[in-house]
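Notes to accompany the following structure.
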Amino acid sequence: MRQKLLELLAKRGTLITPDAADYLLRQTNPVDHLTHVIDGMQQVPLVITLQHIMEAERLAMDAAARLRVTGRPMALAPRTELTDGSRFLGPAMKTVARTAEPATNYEDDLVVLRDITGRSTCEGTLDDFSKYFLNRFKVLSGMLRQRKDLPSLVDIAKAKRLTREVSVIGMVADARVTKNGHKMVVLEDETDKISVLFPASTPLAQAPVVTDQVIGVVGTVNSKGLFVATNFIEPDIPVNHHFPRSADNVSIAFLSDTHVGSKSFLDERWRKFQTWISDGDEVARSIKYVVVGGDLVDGIGVYPRQDEDLAIDDIYAQYEAFAELISALPTRLRIVMIPGNHDAVRPAEPQPALTEGVRKLFPSNVLCVGNPCLLRIHGVRILAYHGRSMDDLVSAIPSLSYARPLDAMREMLRMRHLAPIYGGRTPIAPEAQDLLVIDEVPDIFLTGHVHGVGVSEYRGVTLINSSAWQSQTSYQKMRNLEPVPARVPIVNLSTGTVAVKEF
Ligand SMILES: [Fe+2]
Ligand SMILES: [Fe+2]
């Protein structure tokens with residue numbers, strides 16, 4: 001167990017004092033305990049002390065008073081990933097039901113705060129790209145400048161002339177591991193670029209650095225002009241974020257990846273969901289909003305030999321079939337839908353809402369918005385992002401995996417960017433303003449794409465990965481992706497409680 005703890009510490013780029021290690025080893029699950037302690041930290045220190053752990057436990061107990069999924073303190077729950085929603089149905093559903101009133105008692109209160117739809121200006125010129133990255137750098141470096149842990153902050157050109165310890169902020173132009181195990185990162189700002197060494201002998205060598213990310217480093221330039229790092233800082237989100245409990249007792253159901261048109265669409269399980277939300281219990285009646293996280297239909301030609309997996313091989317007919325399912329849901333619901341990489345809009349992110357021709361298929365209680373989209377529903381800010389960038393993050397950061405999408409979501413919040421890597425599998429449109437930057441901290445952060453299900457919390461932000469309505473396709477089987485379909489996370493906005501219902 002001690003070895004496993006040390007491996008986790010190395011992965012997270014930190015060390016631990018002996019008394020803190022002894023304390024953790026006395027816990028039921030030391031590795032999970034430590035994971036939650038680290039996740040709750042404003043900044044991961046070079047050495048974790050017993051005091052850090054005590055403080056993290058105090059914060060977790062506070063958070064637990066608000067967010068109860070398992071009946072245990074959420075931030076210290078032994079599993080961060082929820083792969084089988086049914087286990088949480090008991091206590092969680094009761095928590096929501098106890099306070100539920102019919103959602104029809106409340107007026108609609110939904111505002112779109114940030115969405116590319118109708119605002120795209122880019123043409124993809126070289127000039128567009130340089131403006132785009134400049135905007136990204138400006139916004140994210142502005143966030144880093146607010147941090148207190150970047151002492152003697154200077155620009156890169158000046159850092160190269162100094163021999164004392166300084167901090168610099170830059171965009172990562174390149175990140176690689178040398179044959180000796182050092183991490184070598186090229187950082188760039190508006191003045192110059194510099195090679196930064198994250199020594200193999202320190203936990204920094206495991207820091208999750210990816211290209212085009214904006215980071216801060218503390219260190220000293222050596223005689224060879226190499227910046228030797230002693231600390232690595234991400235913009236991150238504040239630790240003191242609190243869920244703004246709405247005065248209105250309404251709930252939101254989160255769906256994603258319906259993939260209508262696929263032979264593997266789970267029709268029967270969708271019908272069960274439809275029946276429950278139409279004539280179900282108090283929880284069902286408390287749901288006033290449904291947010292759908294993209295991949296609404298299966299699309300055409302999205303992956304090799306997809307035609308063999310299609311039940312409907314016309315994109316318009318796929319949307320017609322999906323619209324029929326949506327029209328059969330109760331009209332009291334307001335349904336918000338973002339597109340995903342299978343939908344018929346431009347693949348480059350940020351993606352605009354479905355086109356007018358498709359939108360008109362849906363009833364008037366449906367609102368089509370872009371991907372990503374920041375919404376405010378009864379005072380609660382929801383960032384909905386399909387999650388395509390997980391493909392790139394999972395291949396760039398060894399500690400991430402498709403089976404644990406919530407870890408990738410936490411990393412996006414730390415980076416304050418939904419899709420930092422340019423030139424990977426996530427196409428990015430060079431808009432004048434980088435709408436993939438997580439400018440405002442959301443209260444709920446939703447993704448889909450990986451067809452798993454997960455609910456957790458990071459620094460007061462509720463994280464939801466919202467399942468799928470498609471069983472495993474042959475393509476997913478080939479790529480070893482095991483879906484967890486037909487689960488619906490439900491958040492009550494007046495209490496912040498989360499429940500997951502399986503159909
Ligand atoms: Fe999908
Ligand atoms: Fe997807």
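Things worth noting here:
- Highest average packing first - 341-348, 243-250, 454-461, Cβ atoms within 10 Å: 454-461, 341-348, 243-250
- Local electrostatic count at residue 325 - Lys and Arg +1, Asp and Glu -1, tallied over other residues with Cβ under 11 Å: -2
- Rounded to the nearest 20 debye, the dipole size of the range 148-233 about its Cα centre is 360 debye, using +1 on the Cβ of Lys and Arg and -1 on the Cβ of Asp and Glu.
- Farthest towards the positive end of the charge dipole of the chain, among the residues 216, 171, 364, is the Cα of 216, using unit charges on the Cβ of Lys, Arg, Asp and Glu.
- Options 389, 351, 338, ranked by Cα towards positive dipole end of the range 325-449, top entry (Cβ charges): 338
- Placing unit charges on the Cβ atoms only, positive for Lys and Arg and negative for Asp and Glu, gives the chain a dipole magnitude near 1380 debye about its Cα centre.
- Charge context of residue 200, other residues only, Cβ under 15 angstrom, K/R +1, D/E -1: +4
- For the range 148-233: Kirkwood Rh in Å [reciprocal of mean 1/r, alpha carbons]: 12.5
- Projecting the Cα positions of 134, 265, 111 onto the charge dipole of the chain (unit charges on Cβ atoms of Lys, Arg, Asp and Glu, taken about the Cα centre) puts 134 furthest along the positive direction.
- Per-peptide packing, taken as the mean over residues of other Cβ atoms within 10 Å, places 281-289, 478-486 in the sequence 281-289, 478-486 from highest down.
- Angle in degrees between helix 405-415 and the longest Cα principal axis of the chain, rounded to the nearest 10: 50
- Only DSSP H runs of four or more residues enter the estimate; each adds -39500 (n - 2.57), and after division by the residues of the chain the mean residue ellipticity at 222 nm equals -8000 deg cm²/dmol.
- Hz values of 3J(HN,Hα) by residue in the range 384-401 - Karplus curve (6.51, -1.76, 1.60), Gly and Pro given as x: 9, 9, 4, x, 4, 4, 4, 4, 6, 5, 5, 7, 8, 10, x, 7, 9, 8
- Sparsely packed loop sites in the range 325-368 (the trypsin sites (Lys or Arg not before Pro) outside DSSP H, G, I, E and B with at most 13 other Cβ atoms within 10 Å) comprise 360.
- C-alpha long axis of helix 267-279 to longest principal axis of the chain, angle in °: 80
- Taking the average, over residues, of other Cβ atoms within 10 Å as the packing measure, peptides 411-419, 263-271 rank 411-419, 263-271 from highest down.
- The distance linking the range 451-482 with the range 2-24 is 29 Å (Cα centroid to Cα centroid, whole angstrom).
- When only alpha carbons are used to place a centre, the range 260-279 and the range 129-147 end up 43 Å from one another.
- In this structure, the pairs whose alpha-carbon distance is over 32 Å, taken from 4/183; 138/477; 4/263, are 138/477; 4/263.
- Using the Cα coordinates of the chain, the gyration tensor eigenvalues translate into equivalent-ellipsoid semi-axes of 38, 28, 20 Å, sorted from longest to shortest.
- Under a model in which nothing but the beta-carbon of Lys, Arg (+1) and Asp, Glu (-1) is charged, the range 384-503 shows a dipole of about 360 debye around its Cα centre.
- Of the GluC sites (Glu not before Pro) found in the range 105-171, those in coil by DSSP whose Cβ has at most 11 other Cβ atoms within 10 Å are 107, 123.
- Measuring between their Cα centroids, the range 318-349 and the range 184-218 lie 41 Å from each other.
- Of all aspartates and glutamates in the structure, the ones whose alpha carbon falls short of 15 Å from that of residue 193, not counting any fewer than 8 places away in one chain, are 155, 174, 212.
- Rg in Å to one decimal, and Dmax rounded to a whole Å, for the range 207-299 via C-alpha atoms: 23.8, 73
Readers should treat all values here as calculations from the given coordinates under stated rules, not as data from a laboratory. Computed from a prediction, not measured in an experiment: that's the story for all the values here. Methodologically, a virtual Cβ is constructed for each residue, glycine included, from the backbone with ideal geometry; neighbour enumeration extends over all protein chains shown.
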